[in-house]
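Undergrad: Mind having a look at this structure? Questions to follow.
The values are calculated or read from the model by the stated rules, or taken from the named source; none is laboratory data. Keep in mind the model is a prediction, meaning the values are calculated, not measured. Cβ atoms come from the backbone with ideal geometry, glycine included; neighbour counts cover every protein chain shown.
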Amino acid sequence: MMGVVYYANYFRYFEAGRNELLRAAGVEYKHLEAGGHALPVASASAKYVSSARYDDELELETRVEQLRFGSVRLSYVLRRPADDAIIATGETVHACVNPEGRIVRLPDSLRASLNPG
């Protein structure tokens, strides 16, 4: 019998969901960096609801929950479609920083692309 998915891998799933959300919104991270901005993770949390096993097919919903002056908060819901079980939920907050690592205002173009409302 195959084992359960290692807990830290859920953060990899969240990262993949975040990258896909940015792509779907028309945001290319390399252009963000070329403009002097980066979005490092300032905080991350996960709640493990049920176990995923190796070879389970999973679906991840990623949403923009909040845009602030210099940060964006994203939420994640990971499900197993076979039984519609929620596997994990999570949240990340990303600070918008300049090349010196100082928090700066989210670029207007990013704000417009990610606006949840």
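Undergrad: Checking the structure you have, find out if any residue of region 6-15 is surrounded by fewer than 16 Cβ atoms within 10 Å (Cβ to Cβ) and within 30 Å of Pro107 (Cβ to Cβ).
TA: Yes, that holds for at least one residue.
Undergrad: Output the number of residues of region 56-90 satisfying the condition of being touching a Gly at 6+ places or on another chain (Cβ under 7 Å) and either among the aliphatic types (A, V, I, L, M) or farther than 18 Å from Leu114 by Cβ (or both).
TA: Of the residues in that region, 1 qualify.
Undergrad: Another question, then. Which residues, counting only those in region 89-103, are of a type outside the set (A, V, I, L, M, F, W, C) and more than 15 Å from Arg18 (Cα to Cα)?
TA: Asn98, Pro99, Glu100, Gly101, Arg102
Undergrad: Right, here's the next one. Take Gly35 and tell me if it is in contact with a Pro (Cβ under 8 Å, 6 or more places away or on another chain), more than 29 Å from Val5 (Cα to Cα), surrounded by fewer than 16 Cβ atoms within 10 Å (Cβ to Cβ) and at pLDDT below 95.
TA: So Gly35 fits the description; yes.
Undergrad: Checking Thr89 against (1) crowded, with 16+ Cβ neighbours inside 10 Å; (2) farther than 22 Å from Val5 by Cβ; (3) of a type in the set (Ser, Thr, Tyr), which single condition isn't satisfied?
TA: (2)
Matching residues to (1) at negative phi; (2) modelled with pLDDT under 95:
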position: Val5; (1), (2): yes, yes
position: Glu15; (1), (2): yes, no
position: Gly26; (1), (2): no, yes
position: Lys30; (1), (2): yes, yes
position: Tyr48; (1), (2): yes, no
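Undergrad: Only residues that are without any contact (Cβ under 8 Å) to a residue 24 or more places away in the chain and within 24 Å of Pro81 (Cβ to Cβ): list them for region 23-60, please.
TA: Passing the criteria: Arg23, Ala24, Glu59.
Undergrad: If you don't mind, there's one more thing I want to ask. Picking from Val64, Val97, Val93, Val104, which residue would you name as being among the β-branched types (Val, Ile, Thr), closer than 19 Å to Val27 by Cα and touching a Cys at 6+ places or on another chain (Cβ under 9 Å)?
TA: Val104
Undergrad: Which of the residues belonging to region 65-95 are of a type in the set (Lys, Arg) and touching a strand residue (DSSP E or B) at 6+ places or on another chain (Cβ under 8 Å)?
TA: Correct list: Arg73, Arg79, Arg80.
Undergrad: Could you list, in sequence order, all residues of region 10-28 that are within 13 Å of the chain's Cα centre (by Cα) and not aliphatic (A, V, I, L, M)?
TA: Selection gives Tyr10, Phe11, Arg12, Tyr13, Phe14, Glu15, Gly17, Arg18, Asn19, Glu20, Arg23.
Undergrad: Here's something else I'd like to know. For region 47-88, which residues satisfy the criterion of being over 12 Å from the mean Cα position of the chain (by Cα) and within 15 Å of Glu20 (Cβ to Cβ)?
TA: Once the filter is applied, which keeps residues that are over 12 Å from the mean Cα position of the chain (by Cα) and within 15 Å of Glu20 (Cβ to Cβ), region 47-88 yields Leu58, Glu59.
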